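No value in this document is a laboratory result; all are computed from the given coordinates. Small disclaimer: the values here were computed from a predicted structure and weren't measured. Glycine gets a Cβ as well: all are built from the backbone with ideal geometry, and neighbour counts include every protein chain shown.
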């Protein structure tokens, strides 16, 4: 390679960096977004709040990093093909092979294996098309196996999110108003645009619009900002994996601003969520919230609701003199919600 001294054309995205992507998100976040939820008049309530807290949260791209790197085995013949692969989208996988080989889809058999970790990674089927373009050139079966490095490099990441939240407290230290603007990629716009709701990707705001807490005036917005040169994809847990972190971090900010213990602050706002309060109390009980802690130790608590399940977690951490943080213990309480496949869900799957 050195002897050949190739001159590379780095393409139109050569200047893209973390800094340029973050700058684009920051600028986009200053615009008004699509309204995802509006209750009361959050703008007026914020203007009259006794105390106001502004925060920005940046959540980076995340690779799926499934245990099993991308791999596909194919045997392509002149009149048919067999594909052995673990995929979350077998119909799309078959179409990838059809597009690559010219074979009719009904002549292609996909043997769908158990996936060694998917988490949304195997919603992408482009690697199957890549394998088909190689395999069609020979008469024998071919297996394409990506290295871990290539799997990470070619992944379609969970979006980089930039969240602005402004919240106001009343004189009693209760939340009076809440304005949350989420800025990031709309995966649904590429993957299944027919699922957009008046242009809004509901996954981008899931876990942000419906919080467990009593908030009399709430405004949620979403701004679509697609990263230049990168393709994004869902990451298992979808919207809540980023929005729960943002919401719970802001709850801690507000607890601190009101001079209230984080557990007590959450309890005061959980009147509409008795099940949430129960799991919160149970996690705190198991962790011994309020006990005297060793020097350098601290407790943090968070409450989570998604997919009809409640979970609360308390982490005990130790902070070293150099600032390094080590996990000591985690205590979690879970309410799994309704029984698996209740009648309403079963009817939806039947198409009733």
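By count of other Cβ within 10 Å, fewest leading, how are 309, 225 ordered?
309, 225
Which FRET efficiency value, to the nearest 0.05, do you get for residue 67 and residue 19 by plugging their Cβ-Cβ distance into 1/(1 + (r/R0)^6) with R0 = 30 Å?
That gives a FRET efficiency of 0.40.
Please list, in order, the residues from segment 9-25 whose amide nitrogen is less than 20 Å from a point placed 7 Å along the Cα→Cβ vector of residue 190.
Only 11-25 pass the distance filter.
Between residue 142 and residue 30, how high is the FRET efficiency from 1/(1 + (r/R0)^6) when r is the Cβ-Cβ distance and R₀ = 45 Å? Nearest 0.05. Intermediate results must be reported in sequence, preceding the final value.
Numbers: r = 50 Å, r/R0 = 1.12.
E(calc), rounded to 0.05, equals 0.35.
Which distance in Å, rounded to a whole number, links the C-alpha centroids of segment 188-244 and segment 1-29?
Computed from Cα coordinates, the inter-centre distance equals 27 Å.
Where does each of 165-177, 101-113, 33-45 land if you order them by average Cβ count within 10 Å, highest first?
By packing density, highest mean first, the sequence is 165-177, 33-45, 101-113.
Taking 7 Å along the Cα-to-C-beta vector as the label spot, tell me the residue 214-residue 133 distance in nanometres, rounded to one decimal.
5.9
Counting only helical runs of four or more DSSP H residues, what would the 222 nm mean residue ellipticity of the chain come to if each run contributes -39,500 (n - 2.57) and the total is spread over all its residues?
-8500 deg cm²/dmol
Rg and Dmax of the chain, using alpha carbons, in Å: what are they?
Both quantities, over Cα of the chain: 24.3, 77 Å.
How far apart, in nm, are the 7 Å Cα→Cβ label points at residue 115 and residue 291?
4.0
Going highest first, how would you order 322-331, 246-255, 71-80, 136-145 by mean Cβ packing within 10 Å?
246-255, 71-80, 136-145, 322-331
Efficiency by 1/(1 + (r/R0)^6): what FRET value for residue 236 and residue 77, r their Cβ-Cβ distance, R0 = 41 Å, to the nearest 0.05?
With R0 = 41 Å, the Cβ-Cβ based efficiency is 0.70.
For segment 228-263, list residues with backbone N below 17 Å from a point placed 7 Å from the Cα of residue 307 toward its Cβ?
Residues 234-245 qualify, since their backbone N sits under 17 Å from the label point.
Percentage of Cα-Cα pair distances in segment 138-196 greater than 14 Å, rounded to whole percent?
Percentage above 14 Å: 76.
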